[in-house]
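S.K.: Here it is, the structure, as structure tokens.
The values are calculated or read from the model by the stated rules, or taken from the named source; none is laboratory data. Nothing here was measured: the structure is a model prediction, and the numbers come from that model. Cβ sites come from the backbone with ideal geometry, for glycine too, and all protein chains shown count toward neighbours. Heavy atoms of the whole protein, side chains included, go into the accessibility calculation; ligands, DNA and RNA do not. Shrake-Rupley method; radii C 1.70, N 1.55, O 1.52, S 1.80 Å.
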Amino acid sequence: MPDTPDTAALSDDQIAAQHDLLGLIGCGQLFAFETLAKDCALSKTMTPKAELGQLACQEFAGFQAVSARLSAVGADPETVIGAYVPTLTEFHRKTAPRDLLEGLMKVYVGDGISADFAREIANYVDLETQEFIREVLGNRDQTEFVVPYIQQSLREDPGSAGRLALWGRRLMGEALAQAQRVAADRPDLARLVVGSPAAGGAGLVEFAQMLARLTEAHSERMQRLGLAP
């Protein structure tokens, strides 16, 4: 775990990187709200429809909180958050679910990967911003309703396991590709992720370990669902 930087000691590059990280989180939440609302329409029963609707509301509230935070620190939310719209549009185009099961897996697996990544990077921002990010991301336990739903679906249709396992691998691959595109497009954020530890970044060694932790967490989620990673 890195030493948490003092807000007053942050360089302009570090401040820009923190704004970029907040923008990425805020844009992710806005897109999650949109996709969750669409998933609601895929459900024909009340329980998953209501759970997805509640998650959509929480994601939009998180987006609003990030927007307010950016405004409070003197950044323009539309510019900072809007910078990620093209990248996330492409990601969600490539990972559009074909049915409710794929949509639920995207909620549990895909959003889990994104939240894990943001929490990892939050270790390299000042304590106040770190606490804000963890509060906005919240507790991912609210997605646990997906687990028994998928498990029951697999019992009813064991033949769907292969398709869903492949879908899980695709979500992981696209999420990692998205992270690489973001790093290429946002150099300040890239320095926070892979920059020298002496400059407040994670560094290449820690970044490799971070990716290993993300992959391990993904495998654990897939196993919980009853699917091979």
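S.K.: Could you give the accessible area per residue of segment 10-89, probe 1.4 Å, as a whole number in Å²?
M.R.: Details: 3690 Å² over 80 residues.
The answer is 46 Å² per residue.
S.K.: Oh, and also: Please get the size of the charge dipole for segment 39-168, origin at its Cα centre, with Cβ charges of +1 on Lys and Arg and -1 on Asp and Glu, quoted in debye to the nearest 20.
M.R.: Working: 12 positive and 19 negative charges, 99 e Å.
In total the dipole reaches around 480 debye.
S.K.: With r as the distance between the Cβ atoms of A68 and V147 and R0 = 30 Å, compute the FRET efficiency 1/(1 + (r/R0)^6) and round to 0.05. Before the final figure, lay out each step's value.
M.R.: Details: r = 33 Å, r/R0 = 1.09.
Taking R0 as 30 Å, the efficiency between V147 and A68 is 0.35.
S.K.: May I pose another question? Would you mind counting up the charge near A56? Only other residues with Cβ under 14 Å from its Cβ, with Lys and Arg at +1 and Asp and Glu at -1. Walk me through the intermediate numbers first.
M.R.: Values: positive: K38, K49, K106; negative: E34, D39, E51, E59, D111.
With Lys, Arg at +1 and Asp, Glu at -1, the net is -2.
S.K.: Where does the longest stretch of the chain lie that holds no trypsin sites (Lys or Arg not before Pro) found in a DSSP loop with 10 or fewer other Cβ atoms within 10 Å? Show your work: numbers first, answer last.
M.R.: Values: sites that count: K44, R98.
Formally, the longest exposed-site-free interval is 99-229.
S.K.: Let me ask something else about it. So for segment 21-133, averaging the separation of alpha carbon pairs under 8 Å that are six or more residues apart and normalising by length, what relative contact order in percent results? Don't jump to the answer; show the numbers that get you there.
M.R.: Values: 83 pairs, mean separation 35.8, N = 113.
Taking the mean separation of contacting Cα pairs over the length of segment 21-133, I get 32 percent.
S.K.: May I pose another question? Can you work out the base-10 log of I(q)/I(0) for segment 22-91 at q = 0.15, 0.17, 0.21, 0.25 1/Å, using the Debye formula on its C-alpha atoms alone?
M.R.: Treating every Cα as an identical point scatterer, log10 I(q)/I(0) equals -0.51, -0.62, -0.81, -0.99.
S.K.: Moving to a separate point now. Taking the simple approach of a point 7 Å from Cα along Cα-to-Cβ for both L204 and E128, what is their distance in nm?
M.R.: 3.5 nm
S.K.: With N set to the residue count of the chain, report its C-alpha Rg divided by 2.2 N^0.38 Å to two decimal places. Numbers along the way, then the final one.
M.R.: Details: Rg = 17.7 Å, N = 229, 2.2 N^0.38 = 17.3 Å.
In units of the 2.2 N^0.38 Å rule of thumb, it is 1.02.
S.K.: Could you work out how far apart the two model spin labels at A37 and E90 are, taking each label as a point 7 Å from the Cα in the direction of the beta carbon, and quote it in nm?
M.R.: Modelled inter-label distance: 2.5 nm.
S.K.: Nearest 10 degrees is fine. How inclined is helix 46-72 to the longest principal axis of the chain, computing both from alpha carbons?
M.R.: Roughly 10 degrees between the two axes.
S.K.: Same structure again: Tell me, what is the FRET efficiency for K44 and E220 to the nearest 0.05, using R0 = 30 angstrom and their Cβ-Cβ distance as r? Write down the numbers at each step before the final one.
M.R.: Numbers: r = 30 Å, r/R0 = 0.99.
E between K44 and E220, to the nearest 0.05, is 0.50.
S.K.: When the helix-only estimate is applied to the chain (DSSP H runs of n ≥ 4, each -39,500 (n - 2.57), divided by the residue count), what is the mean residue ellipticity at 222 nm, nearest 500 deg cm²/dmol?
M.R.: Numbers: 11 runs with 169 residues, N = 229.
Mean residue ellipticity at 222 nm (helix-derived): -24500 deg cm²/dmol.
S.K.: Let me ask another. Residue separation times 0.36 nm, minus the C-alpha to C-alpha distance between Q54 and S11: what's the value?
M.R.: Values: separation 43, 0.36 × 43 = 15.48 nm, distance 3.88 nm.
Between Q54 and S11, full extension yields an extra 11.6 nm.
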